[in-house]
1. Taking just the C-alpha trace of the range 6-95, give me its Rg and Dmax in Å.
2. Would you mind checking the pairs LYS1/LYS360; LYS101/LYS158; LYS136/LYS360; LYS136/LYS380 and listing those with alpha carbons more than 31 angstrom apart?
3. Note the full-extension length gain between ASP133 and ASN424 as 0.36 nm times their separation in residues minus their Cα-Cα distance, in nm to one decimal.
4. Taking +1 at the Cβ of each Lys and Arg and -1 at the Cβ of each Asp and Glu, which of VAL8, ASN233, GLY466 sits farthest along the dipole of the chain towards its positive end, judged by Cα position relative to the Cα centre?
5. Based on alpha-carbon centroids, what's the gap between the range 358-430 and the range 249-264 in Å, whole number please?
6. Would you mind ranking TYR458, TYR51 so that the residue whose beta carbon has the fewest other beta carbons within 10 Å leads the list?
7. Suppose R0 equals 60 Å; then what is the FRET efficiency for LEU48 and ALA503 from their Cβ-Cβ distance, rounded to the nearest 0.05?
8. Restricting to DSSP H runs of at least four residues, report the calculated mean residue ellipticity at 222 nm for the chain, -39500 (n - 2.57) per run over all residues, nearest 500 deg cm²/dmol.
Amino acid sequence: KSIPFFIVAKDEPQVCYGIFFDNTFHSYFDFGKESQDYYYFGSENGNLDYYVFTGNNMVEIVEQYTWLTGRMPLPQLWTLGYHQSRWGYDSEERFREIAAKLREHRIPCDSIHFDIDYMDAFKVFTWNQELFDDEKQMIADLRADGFKPVTIIDPGVKVEPGYDVYEEGMARGYFATTPDGDVYVNKVWPGDSVFPDFGQPAVRDWWADKQKYLIDLGIAGVWTDMNEPASFNGPLPDDLIFADEERITTHAEMHNTYGHNMVKATFSGWRRHSDVRPFVITRACYAGSQKYTIAWTGDNHSIWSHLQMAIPQLCNLGLSGMSYAGTDVGGFGSDVTPELMARWVQVGCFSPFFRSHCAKFSANQEPWVMPPAVLDIFRKYVELRYQLLPYFYDATRACSLTGLPMMAPLVLFWQNDPNVRELNDEFMLGRDLLIAPVVEQGATKRLVYLPAGSWYDYWTHELFEGGQHIIADAPLDVCPIYVRAGTILPKYPLQQFVGEIPA
Ligand code: GLC
């Protein structure tokens, strides 16, 4: 995610401003590494276009930045529910089994994600007819049980004569070329693949219409991946020919906006062919992509440092306009331990986007493969998420109106409090919930800083005055949560999916 935006906040003299360096070429930023006396930024090419936002505090800066680059539209409520995913679910039987197990173990869930194996030879906008008896019927059955299926779509189009997406794109000049005019080929999941030039309006229009294939099948959203664009046979060369609308340019200029243009196309296809608020997820994006997509942070590992990193990563994305985001809960690569899973779900259930996902070569990490105590912890936090859905939905509404993040570092609201400046293991969810998860292996207590105000412990209802550090008890099943005094915290009755029970 290339979002060249940063915020400066100083005490003496009190100064607060933000800079958005709107340059899509390879750019660089030095924040005091060369010298503590200055910072600088620049780029290898392109115009020196940058916007300076001034204001009284960081809140005003973020509001202005998102006023300029756009704010997320209100999502469908169910997208805030729990999503179950894994690379390696590869047959109709397996998907039906996952759905049944979620309901059997009473893990509320609104969506199951279909990773690349659902496709025929990884060809986008196709379905594997050997591993699935009848995908349309399966999707209908999943929907009847409250699941909204989401499919992955990668940009790479398999080179295969006779494959309609390849043939159409070749005939119409829709794929990136070398400077000599040959269509450029690199390897991704399908093997030799070509890359749609999403900067061309006609290509976006074509890709938008391709969404109809998924919509007609009953798919509920699109998970766009590998759209940096990623490639297995070395990076795409800088001099490949890409378009920026009507203007012909190169990969060097369009690389950082490739994901942006792909999600723009995807979003407009759903606007055109479906009657729901589009649900698009992306791995790559640029400033402003929040108008079209939500995001996840890509391929992390099941290690404690990556759980720790999740909080500042998501807070930074929030300050950069891309608030509706999450991590692969449990971790993508490596094998998760039960303890790490218990702690990750406590962060995941308070992340704007809440999805468990892991790699094909990692151990299974569905809640029911965990020991019973961790299965119970998992359920406890997914249930809490579902009860708090009205609060989450309010947070998306606020974000869509003001651009202020759903999940934020404390420094955003208590900028003048030196205790929160380096705080990377607590965050605010909306304006009234302070979440202080345990992100250290073996810990059963943690230091919590409560900022100015009065705070109730969510679990014990004990009242604390802010402006102090406290030690919170946090055995494995407890994520410390504090509610701002005076808050009205609406809760839904427990349901297994959004809309199961009329609220
Ligand atoms: C990429 C994605 C990951 C996905 C995998 C297979 O690594 O980031 O989420 O599971 O590709 O599609």
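1. Considering the range 6-95 through its Cα atoms, Rg and Dmax are 20.4, 64 Å.
2. Working: LYS1/LYS360 24 Å; LYS101/LYS158 35 Å; LYS136/LYS360 25 Å; LYS136/LYS380 33 Å.
LYS101/LYS158; LYS136/LYS380, as the Cα separations exceed 31 Å there.
3. Values: separation 291, 0.36 × 291 = 104.76 nm, distance 4.78 nm.
Using 0.36 nm per residue and subtracting the Cα-Cα distance, I get 100.0 nm.
4. Result: GLY466.
5. 30 Å
6. Details: TYR458 18, TYR51 15.
Least crowded to most crowded, the residues run TYR51, TYR458.
7. In this case the efficiency is close to 0.70.
8. After summing the helix terms and dividing by residue count, I get -8500 deg cm²/dmol.
Bear in mind these aren't lab numbers, they're just calculated from the coordinates by the rules spelled out. Keep in mind the model is a prediction, meaning the values are calculated, not measured. As a convention, Cβ positions derive from the backbone with ideal geometry for all residues, glycine included, and neighbour counts pool all protein chains shown.
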